[in-house]
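J.: Take this structure first; my questions come after.
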Amino acid sequence: MAAIIPAGEVVWGIQLPIQSQSTIYVQDWEPGSGPAELALIAQAADRAGAAYVAVCDHVGIPRPADESMSSTWYDTVATLAWLGALTERVWLLSHVYVLAYRHPLVTAKAFATLDHLTGGRAVLGVGAGHLASEFEVLGVDHADRGPATDRAIEVIRAAFEEEYPTIGGPGAEVGVGMRPRPERPGGPPIWVGGSSAPAIRRAARLGDGWLPQGPPAMGMRAAVETIRSERAAAGLSESFDLGINGAPIAIGGVVENLPEWALRGRPEEIAESIRRYTSLGANQVQVRFIAASAADYAEQLERFGNEVWPLVAG
């Protein structure tokens, strides 16, 4: 287990638009967009200095949940692999991969291969999932999703660390050969997602980092303290990648009906707001942009990386 963000540094990343289109956050231009626009934005993030681009995970959205969630959810690993061939340095993050949906050795194989093919750029963000009807369609026990996630992380770590892991199911005790090996020793880091108390404790005990999904009920400061105390009690390293979700950002351009909590204004004003997040103990900030088009989104990304982030990091 190891953090990947160097001590004393703060980084930023994005969850990509287009590849998931829930009505909660989809923008008007996304449904008409496709691979070309997705590549444009990912490559802009790569140039702008983003630490990662992230892709969500759902297999299928049963009716009537599709009315609010939509049915557009690009496959996580296929999309990350495609983006890996189109970018040069950015990390490729699943935010988050629902471990209970698949055998853990299947997940380990997919992300070890992704890491191998992209020169060590995979980051496995994991979660317990939430949509009960999707669990039912897949024949997975929704009530057991938390313990199943814990068990899966143990198996995945073994497969990342050893070519012949001896855990993972019937017959695994003889050793199950798994190549290609991940590029990184020990495999991709595992960042655990979720803002519930059990998810925060899971991140502390089993993860290399934490990916909050919305503000935790206990508050961000309390969540950070919980992670630190849980890790200290377990004798784990203080080194840990702590994430925070930032407010939406609008840099330049004209977008109607901006929410009042959106960050806007001069680069110095936006940077000052982001520094408040890092003062809570986070060393990675996930940002998103309110844009009029994919081209506008890509332009804002590059402006953020060139004009705003140096003021935050500095």
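J.: Most fluctuating residue of 77, 98, 106 in a GNM of the chain with Cα springs under 10 Å: which is it?
T.: Judging by the Gaussian network model, the answer is 106.
J.: So, one more: Would you tally the net charge around residue 182, using a Cβ to Cβ cut-off of less than 14 Å, leaving residue 182 out, and scoring K and R as +1, D and E as -1? Walk me through the intermediate numbers first.
T.: On the way: positive: 109, 121, 157, 179, 181, 184; negative: 115, 161, 162, 163, 183, 208.
For residues surrounding residue 182, the net value is 0.
J.: Using the alpha-carbon atoms, what tilt in degrees (0 to 90, nearest 10) does helix 104-117 show relative to the longest principal axis of the chain?
T.: 60
J.: Rounded to the nearest 500 deg cm²/dmol, what is the calculated helix-only ellipticity per residue at 222 nm for the chain, with -39500 (n - 2.57) per DSSP H run of length n ≥ 4?
T.: Taking each H run of at least 4 residues, the total per residue is -11500 deg cm²/dmol.
J.: Going by alpha carbons, how many degrees (0 to 90, nearest 10) lie between the helix axis of 220-233 and the longest principal axis of the chain?
T.: Helix 220-233 sits at roughly 30 degrees to that axis.
J.: Which order do 66, 57, 296 fall in if you start with the one that has the fewest other Cβ atoms within 10 Å?
T.: Ascending number of Cβ neighbours within 10 Å: 66, 296, 57.
J.: Among 201, 228, 102, which one shows the highest mean-square fluctuation when the chain is modelled as a Gaussian network with alpha-carbon springs under 10 Å?
T.: Evaluated over the chain, the most mobile residue of the options is 102.
J.: Taking just the alpha carbons, could you work out the radius of gyration and Dmax for segment 11-313, both in angstroms?
T.: 19.1, 62
J.: Note down the net charge around residue 276, summing +1 for each Lys or Arg and -1 for each Asp or Glu among other residues with Cβ under 13 Å from its Cβ.
T.: On the way: positive: 221, 275; negative: 269, 272.
Cβ neighbours under 13 Å give a net charge of 0.
J.: Near the amide H of residue 194, under 5 Å away, which other amide H atoms are found, from residues 5 or more places off or on another chain, if H is placed in the peptide plane?
T.: Close amide H contacts, sequence-distant or interchain: 211, 213.
J.: Which angle between 0 and 90 degrees, to the nearest 10, do you get for helix 294-303 versus the longest principal axis of the chain when only C-alpha atoms count?
T.: Helix 294-303 and the main axis of the chain meet at about 90 degrees.
J.: Report the local net charge at residue 230: Lys and Arg +1, Asp and Glu -1, summed over other residues whose C-beta lies under 13 Å from its C-beta. Could you put the intermediate results ahead of the total?
T.: Values: positive: 201, 202, 205, 228, 231; negative: 225, 238.
After counting each charged neighbour, the total is +3.
J.: If you don't mind, there's one more thing I want to ask. Once you charge only the Cβ atoms, +1 for Lys and Arg and -1 for Asp and Glu, what is the size of the charge dipole of segment 1-132 about its Cα centre, to the nearest 20 debye? Write out the running numbers ahead of the final one.
T.: On the way: 6 positive and 11 negative charges, 75 e Å.
About 360 debye.
J.: Rg (Å, one decimal) plus Dmax (Å, integer) for the alpha carbons of segment 145-216?
T.: Gyration radius and largest Cα-Cα distance of segment 145-216: 13.9, 44 Å.
J.: Now for a different question. Over the chain, with a Gaussian network built from C-alpha contacts below 10 Å, which listed residue (286, 213, 19) shows the highest mean-square fluctuation?
T.: 213
Values quoted throughout were computed directly from the atomic coordinates according to the rules given, and no laboratory measurement underlies them. The structure displayed is predicted, hence computed values, not measured ones. FYI the Cβ positions are ideal-geometry reconstructions off the backbone, even for glycines, and counts take in every protein chain you see.
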